[in-house]
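The values are calculated or read from the model by the stated rules, or taken from the named source; none is laboratory data. Quick caveat, the model's predicted, so the values are computed rather than measured. Here the Cβ positions follow ideal geometry from the backbone for every residue, glycine too, while neighbour counts run over all protein chains shown. What goes into the accessible areas is simple: the full protein's heavy atoms, side chains included, and nothing from ligands, DNA or RNA. Shrake-Rupley method; radii C 1.70, N 1.55, O 1.52, S 1.80 Å.
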Amino acid sequence: MSEDESKKIRVELDHEQKVIRLGCWFYDLKGVLIAETTDEDKEKYRCGKFMTYPIVDDDWEVREDDCIKDGIGDLVVGKKGDTIPLIELRDVLNLNAEERSGDYSDILTDVERHEITVSNRMENNPQEEFPETITLEIHRIRNTDTFSIYCDEKGYYIPRRESHVGKDGILYQGLEVKESEGGQYQQIVYQIADDVNCLCWFFNKHNLRIRCQRARYLGDSESEDYSIPDDWHQSLKTLEDDINSEIARRQEEYPDDYNHFKRPIL
């Protein structure tokens, strides 16, 4: 530990080879800088007398990202050599789906570059891999044309998305209807197909597919009918088939990509 003469700043080094997430990307944590806060800091970070800033990577950069405002403890994803379950990346995957900093696979390979293995094994039985069918639950928000789409967190994780049905009947990301929906990529079908294809590539699982159902609520019985209701928009009723068709189309259109870029089985 070192401390400057004014006693207002000190640096604590970290030798445990921790990896920290800042925004949608990952960094080697070298240590922290602890500084007495200014009024501007207190307004930005809602912090007390002191603020802790991570120092990262070989250039020892002190980061001031907004995500550190609640502390950096929850941003540490593990140490080099660790194996973590896929669900541990839920927050960054949800953020990436919102901000589109990169593909799903970019997040996974960035973690891997920092020598952390992401597992696709069942928590209660490490010998068993996740099921190849990924169940998406769809919640209609207050009987409007807006929907939340999320998945069972015990398997391959698909980021949570808020969505709306546009004037053209297509399901788009976001809760507000816009004059221009932003092109094909804004469509939920293509976004989720992208996610699944990234998972297929990263985990060498070419047969992953989607199943859609209405959301399960507290008090629902196992015998409930969870199929998409008949009075929902057609784009919701065909979402499962549309996503799976797009996944298959891409794999058929580019059959050599999977083999050409195939990752070694870890």
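Taken over the stretch 9-125, the percentage of Cα pairs per 10 Å bin, counting from 0 up to the bin with the maximum distance, is 13, 41, 32, 12, 1, 0.
Here Met122 and Thr83 are evaluated by their C-beta separation; at R0 = 22 Å the FRET efficiency comes out at 0.95.
Looking at the stretch 85-196, I'd like the Rg to Rh ratio, where Rg is from alpha-carbon atoms and Rh is Kirkwood's inverse mean 1/r.
With Rg and the Kirkwood Rh in hand, the quotient comes to 1.01.
Neighbours of Asp220 by Cβ distance under 13 Å: Lys/Arg scored +1, Asp/Glu scored -1, total -2.
Counting alpha carbon pairs within less than 8 Å and at least 6 residues apart, what relative contact order, in whole percent, applies to the chain?
Result for the chain is 12 percent.
Computed over the stretch 70-212, relative contact order equals 22 percent, with contacts defined as Cα pairs under 8 Å that lie 6+ residues apart. Centroid-to-centroid, using Cα positions, the stretch 59-134 and the stretch 220-252 are 28 Å apart. Counting only DSSP beta bridges whose two residues both lie in the chain, roughly 80 percent are antiparallel. The calculated 222 nm mean residue ellipticity attributable to helices in the chain amounts to -7500 deg cm²/dmol, summing -39500 (n - 2.57) over DSSP H runs of n ≥ 4 and dividing by all residues. Were the residues from Lys237 through Glu176 laid out at 0.36 nm apart, the gain over their Cα-Cα distance would be 19.9 nm.
Give me the 1.4 Å probe accessible area per residue for the stretch 118-247, excluding ligands and nucleic acids, in Å².
Values: 6800 Å² over 130 residues.
I get 52 Å² per residue for this part.
Legend: P(r) of the chain from all alpha carbon pair distances, 10 Å bins from 0, whole percents, reading 6, 25, 28, 22, 13, 5, 1, 0.
Could you tally the net charge around Asp58, taking each other residue with its Cβ under 13 Å from the Cβ of Asp58, Lys/Arg +1 and Asp/Glu -1? Within the 13 Å Cβ shell, the charges total -3.
Paramagnetic label reach from Ala248 (point 7 Å along Cα→Cβ; backbone nitrogen cut-off under 19 Å): within the stretch 98-133, residues 132-133.
Any chance you could give the angle, 0 to 90 degrees and rounded to 10, that helix 90-99 forms with the longest Cα principal axis of the chain? For 90-99 against the chain, the angle is about 80 degrees.
The accessible surface of the stretch 65-175, taken with every protein chain in place and a 1.4 Å probe, is 41 percent carbon and sulfur.
With respect to the chain, whose longest principal axis is taken over its alpha-carbon atoms, helix 188-203 is tilted by about 70°.
Other residues lying with their Cβ under 13 Å from the Cβ of Cys151 contribute a combined charge of +2, Lys and Arg counting +1, Asp and Glu -1.
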